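Inspection log for the structure reproduced underneath, given as structure tokens.
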Amino acid sequence: MMKALLGPAEIRDLAELLDLQPTKKLGQNFVIDANTVRRIVQTADVTGESPVVEIGPGLGSLTLGLLETGAPVVAVEIDPRLAEQLPKTVAQMQPGADLTVVQHDAMTIMELPRHPSTLVANLPYNVSVPVLLHFLEHFPYITSGLVMVQAEVGQRLAATPGSKVYGSPSVKAAWYGHWRTAGLVSRHVFWPVPNVDSILVGFRLRDEPLGTEEERRATFELVDAAFGQRRKMLRQSLSGVLGGSAAASERLEAAGIAPTQRGEQLTVDDFLAVARAA
Ligand code: SAM
């Protein structure tokens, strides 16, 4: 079979060609293992029919795996050297593959070409949650995806109420859909080797939004307040945003939530009920 993916030797050659010193600031840890790439593509269920968006394609390890299925790929990369090289790498290794590279900060991008329905990414670790939430908020045509993130972050995204790691990212992620962890990934499949372990996290988004945009904002404000002081009872942790603890108790009761509960016990529907009880 044609060698269409990047291994350690190809990554080394590309890094040399670009005189690249991977930076921690941009979370630049590149996958050097073709088996990991194929595992991500298979778990993401990319079939080649619908367009895929990739955040942070880097040197193209995962991009080539996605393109190998025949799927058109839109890749958003902040680093201009990497964004410029990627089409050349793809033209050489998979001529004719359907790739659009957008050089932009994924935290602030407001439009994507081709309205991709699937998001697949090995996310830059320092900004993984805000980047993900930005995409879910602004690109409603995304219906499912798979991301690789730091293990603790992935467990948090997929956590349910009552779990120790359930927090603000868990509730916000649940606003958009259903999340599941899909297996740990060794730190040794990356160059440079990061000092954290990674995990795959899959998601399927709701067909209909849980509430309006205004309700989402109000819900997220409550979530941030509740988990900002997660050990406190809700009547205290929400007092700042609801105008005092008496008003907070009243609102919680109107939503059918005991004011003595803590944020970590509430589902996203509970938080939305509190927002709606205004
Ligand atoms: N996908 C590649 C792979 O698996 O080998 C690279 C993954 S690396 C963990 C993260 C990539 O995201 C890097 O290429 C980095 O330059 C890029 N990146 C970092 N911050 C970004 C941002 N705000 N917007 C877009 N890309 C970003």
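The values are calculated or read from the model by the stated rules, or taken from the named source; none is laboratory data. The structure presented is a predicted model; accordingly, all values stated were derived computationally and were not measured. Quick reminder, even Gly has a Cβ in these numbers, built from the backbone with ideal geometry, and neighbours come from all protein chains shown. These accessible areas exclude ligands, DNA and RNA; they are computed on the full protein's heavy atoms, side chains included. Shrake-Rupley method; radii C 1.70, N 1.55, O 1.52, S 1.80 Å.
Under 1.5 on a/c is rounded, so check that first for region 213-276, then, if it is not, pick prolate when a/b is larger than b/c and oblate when it is not; a ≥ b ≥ c are the square roots of the alpha carbon gyration tensor eigenvalues.
Details: a/c = 1.31, a/b = 1.22, b/c = 1.08.
Judged from the Cα gyration tensor, region 213-276 comes out rounded (a/c under 1.5).
In region 1-51, which trypsin sites (Lys or Arg not before Pro) are in a loop and have at most 10 other Cβ atoms within 10 Å, using DSSP for the loop call? Write out the running numbers ahead of the final one.
Details: sites: 3, 12, 24, 25, 38, 39; in loops: 3, 24, 25.
For trypsin sites (Lys or Arg not before Pro) across region 1-51 that sit outside H, G, I, E and B with at most 10 neighbouring Cβ atoms in 10 Å, the list reads 3, 25.
Only Cα pairs under 8 Å and at least 6 apart count here; give the relative contact order of region 1-100 as a rounded whole percent.
Working: 128 pairs, mean separation 27.4, N = 100.
Answer for region 1-100 is 27 percent.
Taking loop as defined by DSSP and a crowding limit of 12 other beta carbons within 10 Å, which trypsin sites (Lys or Arg not before Pro) in region 160-268 fit? Please list the in-between numbers first.
Details: sites: 164, 172, 180, 187, 204, 206, 216, 217, 230, 231, 232, 235, 251, 262; in loops: 164, 206, 230, 231, 232, 262.
Here the sparse-neighbourhood loop sites are 164, 206, 231.
With a cut-off of 8 Å between alpha carbons and a minimum separation of six or more residues, what is the relative contact order of region 213-276 in percent? Kindly include the intermediate steps, with their values, before the conclusion.
Working: 81 pairs, mean separation 23.5, N = 64.
Contact order relative to length: 37 percent.
I'd like to check one number: the per residue accessible area of the chain, probe 1.4 Å, reported in Å² as a whole number.
Working: 12970 Å² over 278 residues.
For the chain, the per-residue accessible area is 47 Å².
Take every Cα pair under 8 Å in the chain that's 6+ residues apart, average their separations, divide by the length, and report that relative contact order as a whole percent. If you can, show how the numbers build up before the last one.
Values: 505 pairs, mean separation 40.5, N = 278.
Across the chain, relative contact order equals 15 percent.
Tell me which residues come under 5 Å, amide H to amide H, from residue 118 once H is placed; ignore anything under 5 positions away on its chain.
Those lying under 5 Å, H to H, from residue 118 are 53, 143.
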